[in-house]
Amino acid sequence: MMIKPIFNKVLAENANLVNYAQAKTQPPPRCTQPKGLSSGGINIGYEAVDRHLGTPFEDKVALRWISKKDQIVELSYHQLSKQSSAFGSLLNQLGLASGSRIFSLIGRRPELYIAALGTLKAGCVFTPLFSAFGPEPIRSRMEIGEANVVVTTVSLYRKKLKSWWRELPHLKAILLVDGNPDNEEGCFDFHLLMGSADPQYPTARTLPEDTALLHFTSGTTGKPKGVLHVHQAVEHHLLSAFYALDLKPTDTYWCTADPGWVTGTTYGIIAPLCIGVTMIVDEAEFDAERWYKILQDQHVTVWYTAPTAIRMLMKAGDTLPCQFDLTALRFMASVGEPLNPEAVEWSNRVLKMPFHDNWWQTETGGIMIANYPSEPIKPGSMGQPLPGIEAAIIIDDEQGHLVEASTPMTIGELAVRAGWPSMFRGYLNQAEKYAQCFNGEWYLSGDLAMMDEDGYFWFVGRKDDLIKSSGHLIGPFEVESVLMEHPAVAEVGVIGIPDPVAGQLVKAFVALKPGISADDDLRQALLGLARKRLGAAVAPKEIAFRTNLPKTRSGKIMRRLLKARELGLPEGDTSTLESDEQ
Ligand code: ATP
Ligand code: MG
């Protein structure tokens, strides 16, 4: 299939192509070309840090790291540029050529950022993994991703890599960011090598279509897929952060995503640095009080987080945020899962500001649909496509062809016209699966949605999660959102269970807020609320209370697992499952 770049640098230069009016904002900053690269060359690492050298940004703090113990380390753009160049030179000293695969298996530590940017600048491919993965998911990803180097810590190495890494034919070196106490062959002290590496090491002459990133999907619907992205993606990283996150160089920005998934790279490393912000990086895990304190103490202006974290903040109560001064905050966005209207209402009421939902996937490489900063939010909607992005709802016509739905609020598959720069260029070793994602000019996302008359998109559910009950098509999100309105409810996952009469019946799994106990009165209240709001045909027939819902490490509710357990079926791939209590 021909892939036409429709959203390349030309857009930034030719305002006529972009509906700037839609974004109601000034034209975005432009991607530049690496100095000394041949025409057409582009490198994500260069765009993120080196292009700020020689500008007033050079000595600005690029990254402010807060350790678990509240130690603060700052890196300026200049320092990040030199250290990432040094990392590139280190890879070169280890004998790695461009195209080599560099994996990270560390939490949010400064070395992660240096390694990611240095890898890209060296023309190598960067792959982050969740440090909380067990040895098996790490091994399988390194095997299929043909990892050449892993950047990790001594304790993660000992616990998760030590016993098997030599069996991987491509894996040549382990770089340990906190020393090399065991002094094993093939293991190196990251900082020792960095000490003798060249901070002037030149950026590789990468081309727009050179592979830059290999990301594994969250594994919500099945076995995680390896998704390949190219250097050209940076154009969309930058523009989407400008349009959808309203990022400006004057911002102090905090993206809470784990570095193990795509948000942690696109909007946790690349896009904010391209714009020139000061990024806050917190090493610690979620803690409501800590989070509000960081927002306050660091004067965070733009905050990008996920529904699962927002639900945890809601669970922590409405009075906690009142103890903090959050007045610096001017924009908040959410991604990863549907954002229930209740969460938007809560943030409006308690944080005095709404969360802006936006939609994208590992495959899209960046935000595709967003509630713009400058447009009214429709709570429960993912928003509108970004400038240069064309999205549609695709349905089967009566002849069995896939066509664009012409009537507003028709449920169909959410599709994006192929050819945007951060579009994935393949699934690792799965060419057929990649081809199946496209129909003509359209990339089919696997998500079901509707578009309203104003061009806003509404998430319905994953294709796999759609429930068909007595002739009704029911999206889990709609049912979950209504149950979330009940003050006792913290989290909901809805599935369809087989029924001989209706085809499927709706069953809801509900986790309650702390201190609330599950009883039959509450069950009846929830069933009553759902019937009243959704009608008897769509409301759940059954409600089961659970302490927690099974979630991926990126925070997505795994409905397929609820279903498999309910039906006594095999659980399938659970490599990304966070431990969950029944
Ligand atoms: P896998 O493809 O392995 O099953 P995954 O699809 O969860 O995992 P990701 O690429 O991390 O892996 O997540 C993208 C998916 O997350 C989207 O396809 C969509 O289902 C969901 N998602 C992301 N943002 C939103 C949003 N704003 N509203 C609703 N769903 C969202
Ligand atoms: Mg997916």
Q: Go through the residues of region 467-487 one by one and say whether even a single one is within 16 Å of ligand 2 (Cβ to nearest atom), outside the structural domain of Met312 (by TED's automatic domain parsing), of a type in the set (A, V, I, L, M, F, W, C) and within 28 Å of Leu549 (Cβ to Cβ).
A: yes
**Q.** Top-ranked residue of region 269-297 - restricted to ones that are assigned to a helix (DSSP H, G or I) and free of Cβ contacts under 8 Å to residues at least 24 places away in the same chain, ranked as nearest to Lys69 (Cα to Cα)
**A.** Arg290
Q) So which of Asp246, Asp258 ends up being open to solvent by 10 Å² or more (accessible area, probe 1.4 Å), of a type in the set (Asp, Glu) and modelled with pLDDT under 95? A) Asp258
Q.
Just the residues that are free of Cβ contacts under 8 Å to residues at least 24 places away in the same chain, under 19 Å from Thr217 (Cα atoms) and hydrophobic (A, V, I, L, M, F, W, C), please, taken from region 393-448.
A. Ala431
Q. Just to be sure, is Val403 among the β-branched types (Val, Ile, Thr) and away from ligand 1 (no atom under 13 Å from the Cβ)?
A. yes
Q: Might you check whether a residue that is out of contact with any Asp or Glu (no Cβ under 6 Å at 6 or more places or on another chain), open to solvent by 40 Å² or more (accessible area, probe 1.4 Å), farther than 23 Å from Leu228 by Cα and basic (Lys, Arg) occurs anywhere in region 407-427?
A: no
Q | Number of the condition not met by Asp447 [criteria: (1) modelled with pLDDT of 95 or more; (2) out of contact with any Asp or Glu (no Cβ under 8 Å at 6 or more places or on another chain); (3) among the charged types (D, E, K, R)] | A | (2)
Q) Filtering region 490-537 down to residues that are small (Gly, Ala, Ser) and exposed (fewer than 13 other Cβ atoms within 10 Å of the Cβ), which residue is modelled with the highest pLDDT? A) Gly528
Q) If you scan region 325-383, which residues turn out to be of a type in the set (Val, Ile, Thr), open to solvent by less than 10 Å² (accessible area, probe 1.4 Å) and within 20 Å of Met312 (Cα to Cα)? A) Val335, Val344
Q: All but one of (1) more than 16 Å from ligand 2 (Cβ to nearest atom); (2) at pLDDT 95 or above; (3) in a strand (DSSP E or B); (4) under 25 Å from Asp499 (Cα atoms) hold for Trp458, so report the exception by its number.
A: (4)
(Q) Would you confirm, using the coordinates I've provided, whether Ser579 is among the hydroxyl-bearing types (Ser, Thr, Tyr), within 16 Å of ligand 1 (Cβ to nearest atom) and either modelled with pLDDT of 95 or more or not in a strand (DSSP E or B) (or both)? (A) no
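The values are calculated or read from the model by the stated rules, or taken from the named source; none is laboratory data. Values in this document were obtained by computation on a predicted structure and should not be read as measured data. Neighbour counts run over all protein chains shown; Cβ positions are idealised from the backbone, glycine included. These accessible areas exclude ligands, DNA and RNA; they are computed on the full protein's heavy atoms, side chains included. Shrake-Rupley method; radii C 1.70, N 1.55, O 1.52, S 1.80 Å.
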